[in-house]
1. Can you give the calculated 222 nm mean residue ellipticity of the chain, where each DSSP H run of n ≥ 4 adds -39,500 (n - 2.57) and the sum is split over every residue, rounded to the nearest 500 deg cm²/dmol?
2. Report the percentage of all Cα-Cα pairs in segment 111-159 whose separation exceeds 13 Å, rounded to a whole percent.
3. Can you give the log10 of the normalised intensity I(q)/I(0) at q = 0.13, 0.28 Å⁻¹, computed with Debye over equal Cα scatterers of segment 350-411?
4. Among 470, 478, 135, which comes first, then next, by fewest other beta-carbon atoms within 10 Å?
5. Evaluate segment 248-409: find the radius of gyration of its Cα atoms, find its Kirkwood radius, and give the ratio Rg to Rh.
6. Separation of segment 414-464 and segment 157-187 by C-alpha centroid, Å?
7. What's the whole-number percent of alpha carbon pairs in segment 46-154 lying beyond 22 angstrom?
8. Roughly what % of DSSP beta bridges within the chain run antiparallel, to the nearest 5?
Ligand code: FAD
Ligand code: SF4
């Protein structure tokens, strides 16, 4: 290897695909922010990988993608082989390439991140799958042997979709139920289109259907179909039902006109942007009754510093708000949202106020929101989750003027009645309890019901939901294999 080869990352700086120009974004453009690499750009960026021998990037990636291996394939122009390889570990790589907080995961662990600019792993992952799909590549299931088993997957979010993908690859028929008429869960209804264009989800749906996955949409388990009926029809059930219980900050004034909860606000915008679902039809079951005031020319304050908060501030920018402020009670280093998304929000004109804890939302003379009373904080001792608590500093109260306040304090799961009635146990915090000494990974207290994703972890990430759905499918396949072996032994005896 020549000296130039070793130091190629010095000649080839880290580059992301082009972004939508700023004036368009602040002028109300909802298109996906990042464009796509051309073949040559992808190859050059992939060639920056040092293949350093210790793939910290793989270790930090929750699905343990074979990153250096598929980067090499891209560098050599073998994109279809790269697509097959990336699907070995990741059932939804085009989604993860778009929405993973790479700065905290694979790219944050890249050796080159130490001063030279990490390899653009997420953007290359997105390039691989988009390019391969556009060229007609599809997962090869020609060697799959049907087992005759059938599994119901409840929830068409990333956890459910990943589970269904792995089940059909194991020869198990997968039927996916969702209460909404479109697949994707929060990918479809929560995450705005400037992060993930909804046509990407439609393409994945076609791919999954081509693999044999059946979708029964607009069906709510527990309301339209009882758990007993599901357990009678299928050999096992996977619950990827998500986390939708709001964290209630209990703020005085949170019910004032002009105060909006984050998720219905984002859903409302998503419906306007897509004109309904991807094909322009209204989405049954996902009506929001939220009266969202026009944000044009208004002062918007968003409370909360996670991914949801970042999506709210950037949506408010696109809706023409006069000013958008994000108030977060810890410092920037402790923000849960992706650093890349914070940088994009800053670029779009969002003002960040760190170490500000909201105390109350205050009304003006007309009874609508006029401001948020906040107090400054300092970081104290770690709380029960190991995060340093935000401690209010006496005498530092002030008021942020606001016409609209959006509350984005996060979500936690609440186990649905139908799962509770079937004997599925939860932890005190509402998360479904899985695994343990006498169970398979992701198996609940009911032996035939498995669970994963936000319903088990609490509100987290797309990639961790994918990993849990994928690994739960492996457990289900193991259980069904054991059952089939036992049945054969009984026949032989
Ligand atoms: P979900 O995506 O919530 O899917 C659950 C599905 O189950 C839903 O479709 C629901 O309709 C269905 N369901 C529930 N109960 C039933 C029932 N009884 N019958 C039928 N169907 C049912 N993560 C990232 O990695 N990057 C990001 O940038 C990011 N941004 C986010 C922005 C927002 C606004 C939000 C809210 C979350 C964001 N996340 C992000 C988190 C990520 O979206 C979730 O962690 C992930 O979607 C969880 O996947 P899941 O499959 O467990 O649940
Ligand atoms: Fe990085 Fe996410 Fe892809 Fe893993 S799945 S390589 S963390 S972008």
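Bear in mind these aren't lab numbers, they're just calculated from the coordinates by the rules spelled out. This is a predicted model, so every value here is computed, not measured. Note that each Cβ is placed from the backbone with ideal geometry, even for glycine, and that neighbours are counted across all protein chains shown.
1. When only DSSP H runs of four or more count, the value is -10500 deg cm²/dmol.
2. In whole percent, the share of Cα-Cα pairs in segment 111-159 beyond 13 Å is 77.
3. Those come out to -0.43, -1.20, one per q.
4. 135, 478, 470
5. Dividing the radius of gyration by the Kirkwood radius yields 0.99.
6. Taking the Cα centre of segment 157-187 as reference, the centre of segment 414-464 is 17 Å away.
7. Value for segment 46-154 (Cα pairs over 22 Å): 34 percent.
8. The answer is about 40 percent antiparallel.
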